[in-house]
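Asker: The structure's right below; bear with me while I get my questions together.
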Amino acid sequence: MPWATAHRPARAPGARRGAGRTLALLLSFSLTVLALLLGGSGTAFASTTLNADGSSWAGPAIEKWRTDVADQGINLNFNPNGSAAGRQQWENGQDDFTASDVPFRTASDNGASQDQHGAGIGNAENPTYNYSYVPITAGGTAFMYNLSIGGKQITDLRLSPQNIVDIFTGKVTWWDDQSITASYGKTLPHLQITPVIRSDGSGATAQFSRWMEHTHQGQWDQYCRRVNQVSCGDYTEFFPPSGRMIAQNGSDQVAHYIEQPADTGAIGYDEYAFALTSGWPVVKVLNPAGYYTLPTASNVAVALTAAKIRGVDDNTPPTDPNFLQQDLDGVYTNPDKRSYPISSYSYVIVPRDGSGLPQVPRFTPAKGAALSQYLDYVLCAGQATGKSGIDSIGYSPIPRGLVRGGLLQVTHIPGYNGNVDPNTLNNCANPTFDSSGQLTILTNAPMPNQCDYQGEPLTCNRSNPTGTPTGSGSGGVSGGSGGGTGGGSGAGGGASGGGGGSGGTGGAGGGATGGGTGKTGSGTGGSKGGGGTGGSGGSGGSGGTGGSANGTTSGGGSGTGGAGGAGGSGGGGGAAGGGTGDGSGSGGGGTTIDPQTGEVVAAGGGGGGASDVAASVVNVGGAPQNWALSTITAVELLAVVAVPPFLGGWLRRRRQSDAGSAGGPR
């Protein structure tokens, strides 16, 4: 036995236990840090579930936001069973919040039938519990339809407000009625009209009927009296059915019915989201400015600039439960060319602290923390537009005043744990308005195409939207040609003082005529022409015989709002003498304008550079989650890298110690 082994001091049992305790403490520390970080990243309500009912009109938006915040541990169960049903669930204390397009009824709904009133439907409502209204999104009431001629679907139907009211009051019952074809501009089939309405109490019906009451009061009141022996009042959530009308329960069922091949002749009202997601056509509605418009996000946003809001446009205090209720009369008559006339807001009804009515019994501080965090997201980052924004599913963002007002109401939710200061909005990641409160979507809202003006034929093919600035620009000169090498460049630009003009056409690159190498030809699109169209890029230089040629062109103006110029042609390759030639052409992607809507729908240009549309990046959950995940990874790495060697060394020393105590290795 070696001397060192024989004379190694025996390790006391306490020392072994000390090493074990050290290892245990290290592992415990790692797990504790991991647990704390997981808890911090998921917030204090990581497993909180919220239950809600209500508006099918706002349903797709609420569903989108539900999936957006799922990784924050907020579990939302939402049933889009209609605004009226949602408010009933609130009265019964069954919901943590509800979605509604209209407020609680203070009187009976005259649109409901006597049988419905007898069954307790459509009567005055008792909110039961303390509440606030929080606006969440905006949108347009769209009119889906199913029409075809010769087996080909009609997708460009245009109707006036009078046409729509005539259809939904039974005054016009055939699609080839002269009043309808006059608006459309073409012959329509001799087919009976089947209006599709809602059978349940719905905000969609309320928004539609309110528009009819405020724009065609006499005709709408007469219809209601004919069906229900009484006018429908300011609005009704229960559409009085008559004639060939088909009633469906829920916005999704209205859309589903209209889309069926057998249901040709059908037309129904719905939130634009349902048509947009299925690619189904909707009616272009004539607005007060004389243009037929679609319920796009920008057109709705333009229309709603004329809305008046209690507490924003009057002295209604934030403590008033009716704070932020809407007055849409100005929306219906908005004279902007882009305006979609049947536009409105939707709300959620949430618990409110303070005196007055009692609190919802099922609501807990944990639910309040989760709900306030959810609504922080909805009102801020959730209003983003773009490829995956709310406009992509048919909604329009709400303006800054409503965002601030909504956040003020959120602070009154019992258990509030929000992160956004409603007074400054500095930490509200809402990309849709600037510091002045202007919706940025309005800045780029396109003007309607002149072809959508009342009286223009459907065969109209104008591509220049009305109001385009005019100006002039001149093209650059062509490059000269000569022996050996040749090259030229031309730059088009707006004339001095003529901002808004079209950029000139770039000059053609000079061609090499000798055996040398062709220079690169370049043409630059018009620049600085505010609002103008960039000029065409110049042609690349032709390679000389036997030489190589490289031609590049660039197009696309830098004028604000202008469409990119067409790319020039690439340089021609060497023609003979065994030389090689390669030509390339690149052009700035121009924009493609939908001739029916006047809106940018895609980047154009073949072989040119792509035209990029700026998109806002939304960080759901924020930077703290990223930090937490990074730290968790570091802790895991520490556990994997540091713990095994420590454990192995400790076990090895223990074996050696045990072996020494027993008289040496065996």
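The values are calculated or read from the model by the stated rules, or taken from the named source; none is laboratory data. Note that the structure is a prediction, hence the values are computed from the model and not measured. Because the Cβ atoms are built from the backbone with ideal geometry, glycine has one as well, and the counts that use them run over all protein chains shown.
Asker: Give the range 332-359 a look and list any residue that's of a type in the set (Gly, Ala, Ser), touching a helix residue (DSSP H, G or I) at 6+ places or on another chain (Cβ under 6 Å) and in a loop (DSSP other than H, G, I, E, B), or say none. If you could, list the steps in order and put the result at the bottom.
Answerer: The initial filter retains those residues of the range 332-359 that are of a type in the set (Gly, Ala, Ser), namely 339, 343-344, 346, 354-356.
Adding the requirement that they be touching a helix residue (DSSP H, G or I) at 6+ places or on another chain (Cβ under 6 Å) leaves 339, 343-344.
Correct list: 339 only.
Asker: If you don't mind, another one. Return the residues of the range 258-274 that are outside any strand (DSSP E or B), in contact with a helix residue (DSSP H, G or I) (Cβ under 7 Å, 6 or more places away or on another chain) and either surrounded by 19 or more Cβ atoms within 10 Å (Cβ to Cβ) or at pLDDT below 95 (or both); say none if nothing qualifies.
Answerer: We begin by selecting, within the range 258-274, every residue outside any strand (DSSP E or B); these are 258-265, 272-274.
Imposing the further condition that a residue be in contact with a helix residue (DSSP H, G or I) (Cβ under 7 Å, 6 or more places away or on another chain) reduces the set to 259, 263, 273-274.
The answer is 263, 273, 274.
Asker: Within the range 127-146, does at least one residue satisfy the condition of being in the same structural domain as residue 358 (by TED's automatic domain parsing), touching a residue at least 60 places away in the same chain (Cβ under 8 Å), aliphatic (A, V, I, L, M) and in a loop (DSSP other than H, G, I, E, B)?
Answerer: Taking every residue of the range 127-146 in turn, none turns out to be in the same structural domain as residue 358 (by TED's automatic domain parsing), touching a residue at least 60 places away in the same chain (Cβ under 8 Å), aliphatic (A, V, I, L, M) and in a loop (DSSP other than H, G, I, E, B).
Asker: Here's something else I'd like to know. Evaluate the range 116-128: report whether one residue or more is surrounded by 24 or more Cβ atoms within 10 Å (Cβ to Cβ), under 32 Å from the mean Cα position of the chain (by Cα) and modelled with pLDDT under 95.
Answerer: Of all residues in the range 116-128, those surrounded by 24 or more Cβ atoms within 10 Å (Cβ to Cβ) come to none.
Scanning the range 116-128 turns up no residue that is surrounded by 24 or more Cβ atoms within 10 Å (Cβ to Cβ), under 32 Å from the mean Cα position of the chain (by Cα) and modelled with pLDDT under 95.
Asker: Report the residue count in the range 347-371 for those that are among the hydroxyl-bearing types (Ser, Thr, Tyr) and surrounded by fewer than 24 Cβ atoms within 10 Å (Cβ to Cβ). Give the derivation first.
Answerer: Applying the first criterion (among the hydroxyl-bearing types (Ser, Thr, Tyr)) to the range 347-371 yields 347, 355, 364.
Cutting the leftovers down to surrounded by fewer than 24 Cβ atoms within 10 Å (Cβ to Cβ) gives us 355, 364.
Qualifying residue count, the range 347-371: 2.
Asker: With the requirement that a residue be assigned to a helix (DSSP H, G or I) and closer than 14 Å to residue 171 by Cα, what does the range 213-250 give you?
Answerer: Our first condition is that a residue be assigned to a helix (DSSP H, G or I); within the range 213-250, this holds for 213-215, 217-228.
Matches in the range 213-250: 218, 219, 220, 221, 222, 223, 224, 226, 227.
Asker: So residue 298 ticks every box in (1) among the small types (Gly, Ala, Ser); (2) assigned to a loop (DSSP other than H, G, I, E, B); (3) farther than 24 Å from residue 84 by Cβ but one. Which box is left unticked?
Answerer: For residue 298, the failing item is (2).
Asker: Looking at 52, 58, can you tell me which residue is touching an Asp or Glu at 6+ places or on another chain (Cβ under 6 Å), aliphatic (A, V, I, L, M) and at pLDDT 90 or above?
Answerer: One residue alone meets the criteria, 52.
Asker: Still on this structure, please answer the following. Please state which one of 305, 319 is surrounded by fewer than 24 Cβ atoms within 10 Å (Cβ to Cβ) and more than 21 Å from the chain's Cα centre (by Cα). Outline the logic, then answer.
Answerer: Details: 305 fails: more than 21 Å from the chain's Cα centre (by Cα).
Exactly one residue qualifies, and that residue is 319.
Asker: As an exercise: evaluate residue 200 against (1) within 22 Å of residue 88 (Cβ to Cβ); (2) modelled with pLDDT of 95 or more and give the number of the one condition it does not meet.
Answerer: (2)
Asker: Pull up the range 181-196, narrow it to residues that are in contact with a helix residue (DSSP H, G or I) (Cβ under 8 Å, 6 or more places away or on another chain) and closer than 19 Å to residue 246 by Cβ, then point me to the one that is surrounded by the most Cβ atoms within 10 Å (Cβ to Cβ). Outline the logic, then answer.
Answerer: First pass over the range 181-196, keeping only residues in contact with a helix residue (DSSP H, G or I) (Cβ under 8 Å, 6 or more places away or on another chain): 183, 187-188, 193-196.
So of that shortlist, the ones also closer than 19 Å to residue 246 by Cβ come out as 193-196.
Working: 193: 22, 194: 22, 195: 24, 196: 26.
Here the answer is 196.
Asker: Pull up the range 460-474, narrow it to residues that are more than 19 Å from residue 290 (Cβ to Cβ) and part of a loop (DSSP other than H, G, I, E, B), then point me to the one that is modelled with the highest pLDDT. If you could, list the steps in order and put the result at the bottom.
Answerer: Of the range 460-474, the ones more than 19 Å from residue 290 (Cβ to Cβ) are 461, 463, 469-474.
Then keep just the ones that are part of a loop (DSSP other than H, G, I, E, B); that gives 461, 463, 469-472.
Values: 461: 84, 463: 60, 469: 40, 470: 39, 471: 40, 472: 39.
Step by step, filter the range 460-474, then rank; the result is 461.
Asker: Any idea how many residues of the range 305-319 are assigned to a loop (DSSP other than H, G, I, E, B), free of Cβ contacts under 8 Å to residues at least 60 places away in the same chain and not β-branched (Val, Ile, Thr)? Don't jump to the end; show me each part of the working.
Answerer: We begin by selecting, within the range 305-319, every residue assigned to a loop (DSSP other than H, G, I, E, B); these are 307, 310-319.
Adding the requirement that they be free of Cβ contacts under 8 Å to residues at least 60 places away in the same chain leaves 307, 310, 313-317, 319.
Adding the requirement that they be not β-branched (Val, Ile, Thr) leaves 307, 310, 313-315, 317.
Summing the residues that are assigned to a loop (DSSP other than H, G, I, E, B), free of Cβ contacts under 8 Å to residues at least 60 places away in the same chain and not β-branched (Val, Ile, Thr) in the range 305-319 gives 6.
Asker: Among (1) in a helix (DSSP H, G or I); (2) touching an Asp or Glu at 6+ places or on another chain (Cβ under 6 Å), where does residue 167 come up short?
Answerer: (2)
Asker: Within the range 413-430, identify whether any single residue is touching a Leu at 6+ places or on another chain (Cβ under 6 Å), outside any loop (DSSP other than H, G, I, E, B) and either farther than 21 Å from residue 320 by Cα or not hydrophobic (A, V, I, L, M, F, W, C) (or both), and answer yes or no.
Answerer: Scanning the range 413-430, I find no residue that is touching a Leu at 6+ places or on another chain (Cβ under 6 Å), outside any loop (DSSP other than H, G, I, E, B) and either farther than 21 Å from residue 320 by Cα or not hydrophobic (A, V, I, L, M, F, W, C) (or both), so the answer is no.
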